[in-house]
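The values are calculated or read from the model by the stated rules, or taken from the named source; none is laboratory data. All values derive from a computational prediction rather than experimental measurement. Positions of Cβ are backbone-derived with ideal geometry, glycine not excepted, and every protein chain shown enters the neighbour counts.
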Amino acid sequence: MRILFAGDEQPYSAYALKEVTRLAMNTWAEVTIMGVITGPVSHGQETPWPLEHPLHQVLHGYREDFLKGWQGEDSPYAFKNWRYEWLPVKSGLWEETLVCRSAMKDLKVRLRFGNAAQEILGESKEEEADLIVLGCTKGGQCQWLGGQAVPQTVVNEADCSVLLVKEDQPITGILACLDQSYISQDSLEMINQMATIHGVSLELIGLSQEGAMKKDVYRRLIEIGDYYEDRDIKVTTRLTEISEFEAVVAQELRQQLLALWLGKKSLLDRFFPRDWVGRFVSNYQASVLVMR
Amino acid sequence: MSQNKLKILVLDDEPIVCKRLQPALEKLGFTVDTFTRSFEALQAVESSTYDIIITDLKMEGMDGMRFLTEAKKISPEVEVIVITGFATMETAKESFKKGVFDFIAKPFNLGEIQQVVQRAAAKIRESRK
């Protein structure tokens, strides 16, 4: 698994990093920690190193906090692998430098410049991330530093799954909403990992419209319930009218992770106006996993 | 068929995983056999020589941990890559204690597993020089 953690200097990013550390300790994922210094980028020119910017210190702190998670245990990210590598010094000049790499799994820390949401999406594509993790303010705002709609843009446009962490709360259950028959294997596996790591049960909600549910979606709901039962994950299933879905979700306990499957045939996509995902993500009180 | 072609065994009780991995690894020049039942896979390890084994952990019957232990007894040189949809710190540590080459949690993209398999192949080729 490849995890991309995008963080800024705010407390919610530190909470999200804790979740990344927990995930990584169990999955031994390849992890990239990234930050974005926002502002216009002049292409074709060297970007000066932002010595005075607080973000590079914050990212260094995130690396240290991430590595502390192992507390003396054998870490797959421990730096044991010394070797010489050719690294660019400036345009047209390379230097053979002694570097130390992780022995088993990569932990990269990266700083990018430009539009925060677009840089996060760009990094996730280049690194072929399976999961993007980022924090945001809790409550109905769900924002990043400076009031930008970074989380909403990332969940709306990412190619991979996105975990949005709202606060430092234990996850006590997973609430997964199914409104279409196409479910990717990757998304099933992502739920497996979340349920295993947090040791929680799964509640599957099938969405119906005017009391009816499409046959193939209903069949898929049963199949998914069986899939998780076969894998010893406690699962319950219920049906909810799509028009009531938003209200149902709003009533759920704040420690339940809301998992939404997104796809081209999503009923929610047709029922709610454009960018409904961003709105749902904003309105839900706890963390949200958007799966693709 | 090239004499240098490394042979890989893939064991996962989910056929879709085998279906994805086989062409992705064959594209890199490996010979790939896939199995969805661990007992059948173990019989194959007994009757044939594999260079790399890719195995799931949680399976009905003989689980992946027991399978890799048995496979290593039969063929100590084989490099084992564990893939699991139910990763825990304990399974990761136990896997490494048993001498696996790498531990990969699902979901993974094909590029990730291709890279790991290439590293394992490089190690095997280096050891045979």
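Taking the numbered list (1) within 14 Å of chain A (Cβ to nearest Cβ); (2) among the acidic types (D, E); (3) touching a helix residue (DSSP H, G or I) at 6+ places or on another chain (Cβ under 7 Å) in turn, B:D63 passes all entries but (3). Taking the criterion of being hydroxyl-bearing (S, T, Y) and within 14 Å of chain B (Cβ to nearest Cβ), the residues of the range A:1-30 that qualify are A:T21, A:T27.
Can you say whether A:L221 is at pLDDT 85 or above and more than 20 Å from the chain's Cα centre (by Cα), as far as the supplied structure shows? Answer is yes for this residue. Filtering the range A:185-208 to residues that are more than 22 Å from B:V17 (Cα to Cα), touching a strand residue (DSSP E or B) at 6+ places or on another chain (Cβ under 7 Å) and not β-branched (V, I, T) leaves A:S201, A:L202, A:E203, A:L204, A:G206, A:L207, A:S208. Scanning the range B:92-111 for residues being of a type in the set (D, E) and within 9 Å of chain A (Cβ to nearest Cβ) gives a total of 1.
Restricting the range B:9-38 to residues that are part of a helix (DSSP H, G or I) and among the small types (G, A, S) leaves a set whose member that is farthest from the other protein chains (Cβ to nearest Cβ) is B:S38. Screening A:L268 with (1) modelled with pLDDT of 75 or more; (2) crowded, with 16+ Cβ neighbours inside 10 Å gives one miss only, at (1).
Going through the range B:78-91 one residue at a time, which ones are under 15 Å from the mean Cα position of the chain (by Cα) and either facing chain A (nearest Cβ under 8 Å) or on the phi > 0 side of the Ramachandran plot (or both)? Reasoning before the result, please.
So the first thing to find is which residues in the range B:78-91 are under 15 Å from the mean Cα position of the chain (by Cα), and the list is B:78-85.
B:G85 - this is the single residue of the range B:78-91 that is under 15 Å from the mean Cα position of the chain (by Cα) and either facing chain A (nearest Cβ under 8 Å) or on the phi > 0 side of the Ramachandran plot (or both).
Note on the range A:191-207: among residues that are crowded, with 20+ Cβ neighbours inside 10 Å and without any contact (Cβ under 8 Å) to a residue 40 or more places away in the chain, the one that is nearest to B:A87 (Cα to Cα) is A:A195. From the list B:Q114, B:Q118, the lone residue that is more than 12 Å from chain A (Cβ to nearest Cβ) and in contact (Cβ under 8 Å) with a residue 60 or more places away in the chain is B:Q118.
Across the range A:141-199, what is the number of residues that are within 28 Å of A:K215 (Cα to Cα) and either touching a Phe, Trp or Tyr at 6+ places or on another chain (Cβ under 8 Å) or of a type in the set (S, T, N, Q) (or both)? Counting residues in the range A:141-199 that are within 28 Å of A:K215 (Cα to Cα) and either touching a Phe, Trp or Tyr at 6+ places or on another chain (Cβ under 8 Å) or of a type in the set (S, T, N, Q) (or both) gives 16.
Of the residues examined, B:F35 is one that is farther than 25 Å from A:I191 by Cβ and surrounded by 14 or more Cβ atoms within 10 Å (Cβ to Cβ).
Of all residues in the range A:71-113, exactly one satisfies the criterion of being among the aromatic types (F, W, Y), in contact with a Phe, Trp or Tyr (Cβ under 8 Å, 6 or more places away or on another chain) and farther than 24 Å from B:E112 by Cα, namely A:W94.
Hey, could you check the range B:1-18 for residues that are surrounded by fewer than 17 Cβ atoms within 10 Å (Cβ to Cβ) and within 21 Å of B:A121 (Cα to Cα) and say which is modelled with the lowest pLDDT?
Initial filter on the range B:1-18 (surrounded by fewer than 17 Cβ atoms within 10 Å (Cβ to Cβ)): B:1-5, B:7, B:15-16.
Now drop any that are not within 21 Å of B:A121 (Cα to Cα), which leaves B:1-5, B:7.
On the way: B:M1: 43, B:S2: 47, B:Q3: 47, B:N4: 69, B:K5: 89, B:K7: 96.
Step by step, filter the range B:1-18, then rank; the result is B:M1.
Might you let me know whether the range A:224-238 holds any residue that is more than 25 Å from B:N109 (Cβ to Cβ), touching a strand residue (DSSP E or B) at 6+ places or on another chain (Cβ under 9 Å) and among the hydrophobic types (A, V, I, L, M, F, W, C)? Within the range A:224-238, one or more residues are more than 25 Å from B:N109 (Cβ to Cβ), touching a strand residue (DSSP E or B) at 6+ places or on another chain (Cβ under 9 Å) and among the hydrophobic types (A, V, I, L, M, F, W, C).
For the range A:185-194, which positions are more than 18 Å from B:D13 (Cβ to Cβ) and either facing another protein chain (nearest Cβ under 9 Å) or in contact with a helix residue (DSSP H, G or I) (Cβ under 7 Å, 6 or more places away or on another chain) (or both)? Before the answer, list the steps.
Within the range A:185-194, the first condition is being more than 18 Å from B:D13 (Cβ to Cβ), and the residues that meet it are A:187, A:190, A:194.
Selection gives A:S187, A:M190.
When residues in the range B:82-129 are screened for being within 12 Å of B:I52 (Cα to Cα), crowded, with 21+ Cβ neighbours inside 10 Å and of a type in the set (D, E, K, R), 1 of them pass.
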